[in-house]
Every structure is written in C-alpha cells, then in structure tokens.
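I have placed the structure first, in the form of structure tokens, so that the comments after it can refer back to it.
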Amino acid sequence: MAAAALDLVTHDRAQLASPAVYLEDRTTLTYGELAESVGEFERALRYDGKALVLCAGDRDLPTLLAYLAALRLGHAVAFLPASNDILAAYQPEFVVPARGAGAGLADLGYRPTVEPVAGTTIFQRKNSQPAAEIYADTALLLATSGSTGSPKTVRLSYSGLAGNTAAVIRALGITAAERAPTTLPLTHAYGLSVLNTHLSAGASVVLGDRSPLSLATWDHLVRSGATSFAAVPTTYAAFGPAHVNLLGRSKIRTMTQSGARLGDDLTMRLVRMMDQRAGRFFVMYGQTEATSRIARLDPADLPSRLGSVGTAVPGGTITIRPAPVHARAVPGEGAVHYRGPGVMLGYATRRADLCHGAEVDVLDTGDLGYLREGYLYLTGRTKRIVKVLGVRTSLDDLERMVERPGHPAAVICGTDDVVHLVGAGDAAVHEQQRQQLVESLGVPSLHVVFRHVDRLPRTSGGKVDYRMLATVVDSPGRLG
C-alpha cells in the first residue's frame, strides 16, 4: 500500500492571500505564508521512509506547523507527552517538544536535527537501528479518553481523517468565511477536528491556548472576528454574564458541543441564546475511536428532539445491538455501534503495534442508547451496568434520576454491594438524593453511602472521571 498524506495548506480551497491563522500577538498568517512556514518544518522532518513524529506541545504555532508538515509528508503524528515511558514504547523518529521543554531529550537518545525552526528545536532519534515499520495509512496516534500519559493510543488513518473531516464540514456547513478559535486542546479529537475541518474548508483558525472561559480569550475572539465556538459542557455550564456580554460583541454565530452529556435545561438556554443572535447551537456526539464526530443534532430539531445527539454524520451509520447482561430500561435500548468515515484502525501500546492495518470495521462505542426515527438517544455506558444485591441496574440511569441543577453528583459502585453517591453541592440535597437511590434500588439504607467532594473530577472532554472517583471513595477525607 502506497504511503498516504494529507495537505491542509495548499489545496484548492486554500487561497494564498486569504487569512489562515490569527495569532495572539495580533499577527495573521495567510495561506501563502502558512505554506512557507510549514515548508521549513517539512525540510526538518525529511526522512527516508514513513516516520513517527511525536508532538508534545499543544495550541502553539510550532506544534501546528509540525503537525501540518508531518501530514504533508505522509508521516504518522502522535500527540503525546515526551516522557521516558512514551519514547521507549513508541520510538518516534522525531520529537517536537512542548514550549520550553526538550532539555532532557539528549539523555533519552535524541539529538537536534537542524537550526531551530520557528524558535523550536526538533529532535531526531540517534539510534541508527530502524524501528518497526508503520502501516502506510496511519495518520494519527491519540490518547484514549482518560489515558493521557499512558502508552495506550488510538490508531487513526489518513483515509479516516479525510473522510471524517469532509463529513463534519458537510454536517456543520463550514465555509471559507468561517473563523474558528482553538478553544479545545489539539490532543483532544474534538479540538483537532475543529482545526482540520476549518483548514480543509479554506477557512481560518484563531490560535491560542488559554482557557475558553478566560476573559482574555474572549477579548481575543472579539478582536480576531471569530465566527464559531466549540466547547464541552463544563465550559458552557460556567458561562457568566461577562461571557454573554462579550459574545454579544463578537461575530460568533455557531456554537458546538461534544464530550459529556449536556443537560436539557442548559441545552435550551444555549439554543435560545444563539437564536437571539440569528445563530446556531449544535449538540454533537463523537469519540476518539471515530476520529471525531459520529452524530450531530440540527438546531432546527430542537426542542422536538431534546435529549438526542442527532443523526449520523454524512456517510455514517448508527445501529443498536443487544447489550450483554443488560435489562432494557427503554424499548429498543442496546449497545451503540457505528460504521462510517473515521472508524479507527485499532489500538496501540507500543511501536510494534503500528505495523497493523485496519482491525475494526464496525465500532462498538461502549455506549448504551436507542434510535427513534434515526435520531440517537444515549442512556449510559455498557461498563456502568452493575449488580447490587443481585439486582442489575445502570449507574447512569441512577445519576439521571437524582440529577439536580447546581448540585453536581455522580454514582459509582464500590465493593460489597455498596453504591456511592459522590456530590459537590449542598449536603441536604445530596441526602435527599441518597434516600431516592435507596428507594429506587430497594436496598437497605446502609448500601447507599454519600461522600462529599469539593468538585467532581473530570476528563479533558468534560466527562466525570469515574476512575479517579473510585480512588476517592477508597480514601479518607475530602477531594480538594
């Protein structure tokens, strides 16, 4: 199979004189200037064969240029930290360190390639012994959800990357007139998709790495003329009057959401907010294992389809299959499967895994849900189905049942048939929730216990980090 590549810089829709990247220092790179800068990185990343380029940075110009150059060369890009464990596991040919880092790479078997490019020194592996070959269509290695710093990655292909990018452009109607800020990490599939789709459409991006809630970020969005905004639910939930005021001064007409579940009340509040601006708010659903997006809900379908994440992106198909050991709470509920543009090649934990081709045809998302007239409604995770005193139940169903605005809570199952309610709100409200769980489960009161935390730990996608919560309930004291 011939090596694949992807050019997001000099394609037909990228007009040389059109703006491509807006920087925080108020300078702008046209597509022509971006191509010249990417070319400098291409020369530094030249290699006899397909190489693995590890990008340890995030939303900064050197990382962007290295990523675009590597794709044009047909290399594979890994957005991972340049730790000893990661380098030993994957043996990348090149490392583009994070800003201000790289000093210890020489001790880990890497040497500077050429003079610094865009103020960044690129490092190449010293060992002349070639590492294991990389499957020709491999484009990206992204950390699985919640595994940042772990060697486990999702292998994504060039064909999948191009296909999912095109599908999202169609789903959202992205044109060359759009200008999208990098409000999410590039290490996050959703954040990387924002970059890919807009450059592929000949649009522009506003590059910055501040928090999406930072008022400095919003000032940058207003000044740069950003037209869209992408975020996870925790960001939208924290929107205050100052953000709404700055939104009113901006050109933003499209907002998108993915990651964790967005509550119905907050969804409609955001829909009404964008309606007042003649804008659009898209609820979306995706996974790293699908390159990015799987479904999107057209704003015109609200409020009639409230609670749904929408229909499959163009070219995709969503099906529901029987879920193992699951008593259906909703007719037609089962395991959500997806086939379409962007389905991963497979997983990897080491360099030897990169030689494999496609190992997945239909993606088992690990989610539970049901379809109504083609619209997908998510109800939980298959791995969150447990038995409590012999009764099978869904922890996600229990969470939704006790949900209270302003009183975030999560439900997990410990050992000895004990259900833990972990909350960061008012203790009296959480006690009411605990009693509700006891009644719903029909178990003795001592089998449902409450644990207060200062905040619920969350993943980069805004989802509750249940693995960290499991350690919290096993330790004394409060979570700070």
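The values are calculated or read from the model by the stated rules, or taken from the named source; none is laboratory data. Every value quoted in this text rests on a predicted model; they were computed, and no experiment measured them. In this analysis, Cβ positions are derived from the backbone assuming ideal geometry, glycine residues included, and neighbour counts consider all displayed protein chains. For the accessible areas, the whole protein counts, side chains as well, though only heavy atoms, and no ligand, DNA or RNA atoms are used. Shrake-Rupley method; radii C 1.70, N 1.55, O 1.52, S 1.80 Å.
Just to be sure before I move on: is Arg261 among the basic types (Lys, Arg) and surrounded by 17 or more Cβ atoms within 10 Å (Cβ to Cβ) in the structure I sent? Yes, satisfied.
Within the stretch 99-138, the residues that satisfy the criterion of being charged (D, E, K, R) and free of Cβ contacts under 8 Å to residues at least 40 places away in the same chain are Asp107, Arg111, Glu115, Arg125, Lys126.
Can you pull out the residues in the stretch 169-227 that are β-branched (Val, Ile, Thr) and touching a strand residue (DSSP E or B) at 6+ places or on another chain (Cβ under 7 Å)?
Thr182, Thr183, Thr187, Val194, Val205, Val206, Thr227
Residues in the stretch 185-217 that are surrounded by 24 or more Cβ atoms within 10 Å (Cβ to Cβ) and over 16 Å from Val21 (Cα atoms): His188, Ala189, Tyr190. Restricted to the stretch 285-315, and to residues there that are touching a Leu at 6+ places or on another chain (Cβ under 9 Å) and of a type in the set (Val, Ile, Thr), the residue that is farthest from Leu172 (Cα to Cα) is Thr288.
Quick one: in the stretch 316-341, of everything that is farther than 15 Å from Gly366 by Cα and at pLDDT 95 or above, which residue is least open to solvent (accessible area, probe 1.4 Å)? Looking at the filtered set, the residue picked out is Gly316. The residue that is most open to solvent (accessible area, probe 1.4 Å), counting only those in the stretch 380-411 that are modelled with pLDDT of 85 or more and not in a helix (DSSP H, G or I), is Glu403.
Being surrounded by 15 or more Cβ atoms within 10 Å (Cβ to Cβ) and either under 22 Å from Glu24 (Cβ atoms) or of a type in the set (Val, Ile, Thr) (or both) holds for only one residue in Val271, Val244, and it is Val271.
Based on this model, can you work out whether Thr311 counts as of a type in the set (S, T, N, Q), part of a strand (DSSP E or B) and open to solvent by less than 60 Å² (accessible area, probe 1.4 Å)? Against the criterion (of a type in the set (S, T, N, Q), part of a strand (DSSP E or B) and open to solvent by less than 60 Å² (accessible area, probe 1.4 Å)), Thr311 qualifies. Just to be sure, is Met255 part of a strand (DSSP E or B), open to solvent by less than 10 Å² (accessible area, probe 1.4 Å), touching a residue at least 12 places away in the same chain (Cβ under 8 Å) and touching a helix residue (DSSP H, G or I) at 6+ places or on another chain (Cβ under 7 Å)? Considered against the rule, which asks whether it is part of a strand (DSSP E or B), open to solvent by less than 10 Å² (accessible area, probe 1.4 Å), touching a residue at least 12 places away in the same chain (Cβ under 8 Å) and touching a helix residue (DSSP H, G or I) at 6+ places or on another chain (Cβ under 7 Å), Met255 comes out as yes. Looking across the stretch 417-473 at every residue that is within 26 Å of the chain's Cα centre (by Cα), assigned to a helix (DSSP H, G or I) and without any contact (Cβ under 8 Å) to a residue 24 or more places away in the chain, the one that is nearest to Gly259 (Cα to Cα) is identified as Met468.
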